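The values are calculated or read from the model by the stated rules, or taken from the named source; none is laboratory data. If you're wondering where the values come from, they're calculated on a predicted model, not measured in any experiment. Here Cβ is always computed from backbone atoms with ideal geometry, including for glycine, and neighbour counts include all displayed protein chains.
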Amino acid sequence: MNIRRFAGTCFCAALILVSAVAGPVSCNAYRGYGVLVWKNESLPVSVGEEVNIASIFSVDDYYEVDYKGSLVQIPMWQVQFFNTADEAKKYQAEFLPYKNLYVFTLKTEGLPIRSAPETTATVIYKLKSGKVAKVIGRDEEPTQIEQYHSYWYWVLTEEGYRGYVYGYYLKTIESASPRDERLAKVIEADPTLDRFLKSVWIPAKTADMLSSGRIDVTYLEKKYALTPKPDEKAITLTNEDMNKDFFYTEIKKITGDTYEFTGTDLKVQIFPSDKIYVSYLLNGAYATREFDLAPSDIGEAITKAAERSQNILSKFLNRGATLQSSSYGTITLGEDYRFAWSNLGALKSILPPAGEGKGKINFNKYLGRQATATAGPLAGPFEGAVSFVFDGFPDFGVTFIYTFSEAGVRLVYVARENIYDNEIRRIGSSPLVLFFNFVK
């Protein structure tokens, strides 16, 4: 239904008619036609039924309709008025999908109801929190407003106001009546908060890794997450900032999508797109971090990443567990990802201070898909990346991109500033190049 066609049609249409008629007229001279759009419990007429308007009482704001041979009085605001029977029948067919559809707002401050489906249109009423409006029409296509994407709904309130409300913060629900107890329970409930409390949320960085398939197993093994524990009235937050339980006394809705947890400095903004923003005090100032809904297959993704690392390690070990270089010492690799690197003197400029030459290797870095090296895309002349993490310096990995040859492996050093998260974006114009022979 294109609701713009009905922008000028409302209960006030009766005001353009002649003065009130004092009594009924014959069935051959109906004053208009209508469709009942609001459930009236005291009347035999059902929502969506077409009615023939016999008399119009403008002063008292009601129609007298001919219903199966009897005259029934219906408040004007509950009827969509038309001048012809054809117009009424056409609207009746278009109204059918919305016959039992109601909306309520998810914003505690309410939503504006406007005179037209435009953000610049006059606000004629406000749909308040806890109140329902009857849907009597909807645009055929959703509208993009800034970052939001939703429909304009043509609605009718219990106070008799007709207008247009943008649907991004609306919740739709099917009901046979606005007095339905189930409807009241749904409005009182908070499905947005309920979804948040029943879910586990992961940092956006983790979500990006999972969606791209370029996973840093070491990072995922830290199990960063935000985990609500409603039974304990606690929120557990573990990320690069902190590892903390936020114990709250109650949850208060600040706006339609933002909640604060009383007794803590924690605030959460919840979006319909399985995304939240979490704010908390960090070093005396509020920090905001993005989290995403944890996928059900996160364990499977970690397993695949671990298998990938094992396959790469096997490629090295199958060529030889020992790598020798006359200039850069000897590297011994173990199946447990441990390494020992002797004669490191020539590499002091890139090593952590006081490194002892032992640690673990990993393959958690990936060649940049868009970055370029001196001689073309990184994914071209190189097969992958390997990082050496020395004992005592868990956050100081020395990373190389590598290429195998028949005799050995060529390692090209990548400075830390050229790595973003776990992706190698570029290498320098004169990188340090090491060559090692495999010794079986």
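Observations, loosely collected:
- Single residue of the stretch 219-252 satisfying the filter (crowded, with 17+ Cβ neighbours inside 10 Å and touching a residue at least 40 places away in the same chain (Cβ under 8 Å)) that is farthest from the chain's Cα centre (by Cα): Tyr219
- Some residue of the stretch 117-127 being under 21 Å from the mean Cα position of the chain (by Cα), in a loop (DSSP other than H, G, I, E, B) and farther than 25 Å from Pro44 by Cα: no
- The residues of the stretch 381-440 that are touching a Pro at 6+ places or on another chain (Cβ under 6 Å), in a strand (DSSP E or B) and aromatic (Phe, Trp, Tyr), listed by number, are Phe390, Tyr413.
- The stretch 44-77: number of residues that are buried (at least 16 other Cβ atoms within 10 Å of the Cβ) and either in the same structural domain as Trp154 (by TED's automatic domain parsing) or of a type in the set (A, V, I, L, M) (or both): 10
- Complete set of residues in the stretch 78-102 that are touching a Phe, Trp or Tyr at 6+ places or on another chain (Cβ under 7 Å), among the aliphatic types (A, V, I, L, M) and either assigned to a helix (DSSP H, G or I) or assigned by TED's automatic domain parsing to the domain that holds Ile270 (or both): Ala85, Ala88
- Condition check for Thr105: within 21 Å of Ser150 (Cα to Cα), in contact (Cβ under 8 Å) with a residue 24 or more places away in the chain, outside the structural domain of Asn52 (by TED's automatic domain parsing) and among the β-branched types (Val, Ile, Thr): yes
- Scanning the stretch 129-160 for residues that are assigned to a loop (DSSP other than H, G, I, E, B), free of Cβ contacts under 8 Å to residues at least 24 places away in the same chain and crowded, with 16+ Cβ neighbours inside 10 Å yields a single hit, Tyr151.
- Residue within the stretch 272-286 that is in contact (Cβ under 8 Å) with a residue 60 or more places away in the chain, outside the structural domain of Ile215 (by TED's automatic domain parsing) and not in a loop (DSSP other than H, G, I, E, B) present: no
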